[in-house]
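Asks: Here it is, the structure, as structure tokens.
The values are calculated or read from the model by the stated rules, or taken from the named source; none is laboratory data. All figures in this text were calculated on a predicted structure; none of them were measured in a lab. Don't worry about glycine lacking a Cβ; one is built from the backbone with ideal geometry, like all the others, and counts go over all protein chains shown. Each accessible area value is taken on the protein alone, full model and side chains, heavy atoms only, with ligands, DNA and RNA left out. Shrake-Rupley method; radii C 1.70, N 1.55, O 1.52, S 1.80 Å.
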Amino acid sequence: MSADRLRLFGTPTSPYTRKARILVRAAGLDVPLVDTRTEGGAAALARVAPLGKVPVLEAADADGAPLTLPDSGLIAAWLWTRHAPALRASGLAPTPEGWAERDLLVVVEGALDAAINRFYLLRDGLPDQGYVTRQRDRVTTALTWLEARMPALERPLTPAALSLGCALDWMAFRAVVDIARFPGLAAFRDAWTASGLGAGTEPA
């Protein structure tokens, strides 16, 4: 499918949108980002996204029929199905067979989800108690666990390492976690930034 028939819905601040943007770029595709913070972008998202969340990729199946992928994991899987050689050439690795690496990915994205929940609940004025406080505790527990099981920032870059780079940048951007409390994660983020792997897609 040609890139001019693809559209990615999301926001420049979303870490999950960022991961999709990095993968799309690595696949060699020039796909426009529909910014869903705008009135027109939000209206377009409402027409294509059953969950109302980002990212969403508009694509087509093997027969050319319209296809909507409403999740970063689905987007990654679709890109690997269609553009594996380009992704491998860019130094990325597909979802691994090993359970340990899958554990890392689940914990990274679980920590990110908890951090996102807490950030928006506090911004909406909910008190820092009960469920909101438990989100902070989940983030701390998950980051402590990750500190002891760091994915390596080396090529090919694993899905867990890609997600961790995006997650840590978002946490720092939103000032929801003092990453310096976790020296291993802080060093990983420094290496991630220096690598340039996410250059041009930083949250803004």
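Asks: Mind checking whether some residue in region 128-138 is of a type in the set (A, V, I, L, M, F, W, C) and closer than 24 Å to Ala20 by Cβ?
Replies: Checked region 128-138: no residue is of a type in the set (A, V, I, L, M, F, W, C) and closer than 24 Å to Ala20 by Cβ.
Asks: With the requirement that a residue be under 22 Å from the mean Cα position of the chain (by Cα), charged (D, E, K, R) and open to solvent by less than 80 Å² (accessible area, probe 1.4 Å), what does region 120-146 give you?
Replies: Correct list: Asp137 only.
Asks: If you don't mind, another one. Please name all residue pairs, on different chains or six or more residues apart, with Cβ atoms under 7 Å, provided the first residue is in region 143-172 and is of a type in the set (Lys, Arg) and the second residue is surrounded by fewer than 22 Cβ atoms within 10 Å (Cβ to Cβ).
Replies: Arg155/Gly91
Asks: Now, a different point. Residue check: is Ser72 under 23 Å from Leu51 (Cβ atoms) and of a type outside the set (A, V, I, L, M)?
Replies: For Ser72, the condition - under 23 Å from Leu51 (Cβ atoms) and of a type outside the set (A, V, I, L, M) - is met.
Asks: Among (1) part of a loop (DSSP other than H, G, I, E, B); (2) open to solvent by less than 60 Å² (accessible area, probe 1.4 Å), there is one condition Arg149 misses while meeting the rest; what is its number?
Replies: It is condition (2) that Arg149 fails.
Asks: List, please: which pairs have Cβ atoms under 6 Å, are six or more places apart or on different chains, and start with a residue in region 179-204 that is within 18 Å of Arg21 (Cβ to Cβ) and end with one that is loosely packed, with under 15 Cβ neighbours inside 10 Å and among the hydrophobic types (A, V, I, L, M, F, W, C)?
Replies: Pro203/Phe173
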